[in-house]
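The structure appears below as structure tokens.
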Amino acid sequence: MSTRPLALASLTVARSDFGRMEALYHSLHASPRYRLLLAAGAGHHDERLGRTLQDIERSGLPLDCLLPAVDGSAGAQSAGVLAGVARWLEERRPDALLILGDRYEMLAGAQAATLARVPVIHIGGGHLTLGALDERVRHALSKLAALHLVASEGCGARVAALHEDPAAIHVLGAPELDALVQTAVKPRKDFCAELGLDPARSFLLVTLHPETNVDDTTNTRLAEAARQALLATPHQILITAPCADPGNEPFLALCETLPRLRADARYVPNLGLRRYVAALHHAAAMVGNSSSGIIEAATAGLPVVNIGMRQAGRDRAENVLDCAFDAAEIDRAIEAAVDPDFTARSRRVVNPYGDGTFAAKALSLFDRLSWPLAVDKPWLA
């Protein structure tokens, strides 16, 4: 390895990817071998989603580039990210760009890196989410990457099936588990007092995102089915904001109106890491269609009601119950999830996405790599 610190750039576009990557970011920032260059923008600016730039500000991590806010469609957001990241990479010339997951703004960042001949390290490839646009974006990102850090053997096999070099695929687990196992859990009484929940009653942790392979009319119908189910449940509700995907308006409206319809419902757009970890440990069940229900909840031993098609195809542990966007079916699934026997079984599951040591494994891998990474793929010639 060179004697100079390796400059590893990364792009964050939303609360979801920053929370999942924060442990790795802190490890890189603390190491004299690496120089972390962080760019943020896109959904982080959105006030209705909690203006999650404050998460970065509170983290103590250095922000190297703040991409300007862009109003308009997903296409306009992507164009803004592409232009901003292209300028940033041209100025900084990092040794690699770390890209997480499957958001369309990330694809714009990877495109900028490809054109600048900056190697892309893709984290989280190989998942299947058959009910979302993310499915295509994720695989496109894998095709632009020089190195693949995947969450499971199954994910690695799917990346290899895209005709990627097996030697460039490394199974390190899911990065979001690091923060979960490293964060102290706030006591239930204190957590509930902070959010105005009754600690003597059970609560559901709810996150609902739009399905991105359907039209807005369908998402309106899906949000209405969820609203009916949430009004009928006997449990308290803690609901967080949807992501910034197209079609999120009906779900945002649900979040904002639910507390007016139920006195025991609380809407917190962005819980932040510590409160979210506490919610995972203290909730009776998670309800919605977030990847967190598939990946993090198993480590917390939390029962999950996974609704609809957004997470269809993902490997999951036995703490997950799948149901359709139908009010009666959601109610039945919630009842099954909070059954004491199912709750007890959920606490014993093994998470297929690792043990929360992603950051340590990633730094060890980076230490062993031969730099600079090749941006071309000679095995495809």
Total formal charge among the other residues, if their Cβ is under 10 angstrom from that of Gly308, Lys/Arg +1 and Asp/Glu -1: -2
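From largest accessible area down, sort Thr233, Thr257, Thr220; use a 1.4 Å probe on the protein chains. Write out the running numbers ahead of the final one.
Working: Thr233 10, Thr257 45, Thr220 75 Å².
From most accessible down to least: Thr220, Thr257, Thr233.
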Over the chain, what is the relative contact order in percent, taking alpha-carbon pairs closer than 8 angstrom and at least six residues apart? 17 percent
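Report the convex hull volume per residue for region 182-340, counting only C-alpha atoms, in Å³.
Values: hull volume 16.8 nm³, N = 159.
Convex hull volume per residue, Cα atoms: 106 Å³.
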Whole-percent carbon and sulfur share, accessible surface of region 106-187, 1.4 Å: 63 percent
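Skip the ligands, DNA and RNA, and give the accessible area per residue of region 257-381 with a 1.4 Å probe, whole Å².
Working: 5460 Å² over 125 residues.
With all protein chains present, region 257-381 gives 44 Å² per residue.
Hey, what D do you get for region 287-381 in µm²/s if you plug the Kirkwood alpha-carbon radius into Stokes-Einstein at 10 °C and 1.306 mPa s?
On the way: Rh = 15.7 Å.
Roughly 101 µm²/s, to the nearest whole number.
Kindly give the semi-axes, whole Å and largest first, of the ellipsoid equivalent to the chain, taking each as the square root of 5 times a Cα gyration tensor eigenvalue.
Values: eigenvalues 235, 92, 82 Å².
Over the Cα atoms of the chain, the semi-axes work out to 34, 21, 20 Å.
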Accessible surface of region 335-381, 1.4 Å probe, proportion on carbon and sulfur as whole %: 55 percent
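Given the rule -39500 (n - 2.57) for each run of at least 4 DSSP H residues, summed and divided by the residues of the chain, what is its mean residue ellipticity at 222 nm, to the nearest 500 deg cm²/dmol? Let's see the in-between values first.
Numbers: 16 runs with 169 residues, N = 381.
The helix-only estimate for the chain comes to -13500 deg cm²/dmol at 222 nm.
Trypsin sites (Lys or Arg not before Pro), restricted to region 265-317: which are DSSP loop and have at most 16 other Cβ atoms within 10 Å?
Details: sites: Arg266, Arg274, Arg275, Arg310, Arg314, Arg316; in loops: Arg310, Arg314, Arg316.
The qualifying sites: there are none.
Note down the net charge around Arg201, summing +1 for each Lys or Arg and -1 for each Asp or Glu among other residues with Cβ under 12 Å from its Cβ. Please report the intermediate quantities before stating the final value.
On the way: positive: Arg188; negative: Asp198, Asp264.
Residues near Arg201 contribute -1 overall.
How would you rank 278-286, 203-211, highest first, on the average number of other Cβ atoms within 10 Å across their residues? Working shown, then result.
Values: 278-286: 22.7, 203-211: 25.4.
Ranking the peptides 278-286, 203-211 by packing returns 203-211, 278-286.
So, for region 116-229, what is the accessible surface per residue at a probe of 1.4 Å, expressed in square angstrom?
Details: 4340 Å² over 114 residues.
With the other protein chains kept in place, region 116-229 gives 38 Å² per residue.
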How big is the accessible area of Leu180 in square angstrom, nearest 10, if you roll a 1.4 angstrom probe over the protein chains? 10 Å²
Given charges at Cβ of Lys, Arg, Asp, Glu: the chain dipole, positive-most of Pro372, Pro246, Leu115: Pro372
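The values are calculated or read from the model by the stated rules, or taken from the named source; none is laboratory data. Remember, predicted model here, so these are calculated numbers, not experimental data. Neighbour counts are summed over all protein chains in view; Cβ atoms, including those assigned to glycine, are modelled from backbone coordinates with ideal geometry. When the accessible area is computed, the model is the full protein with side chains, heavy atoms only, and any ligands, DNA or RNA have been set aside. Shrake-Rupley method; radii C 1.70, N 1.55, O 1.52, S 1.80 Å.
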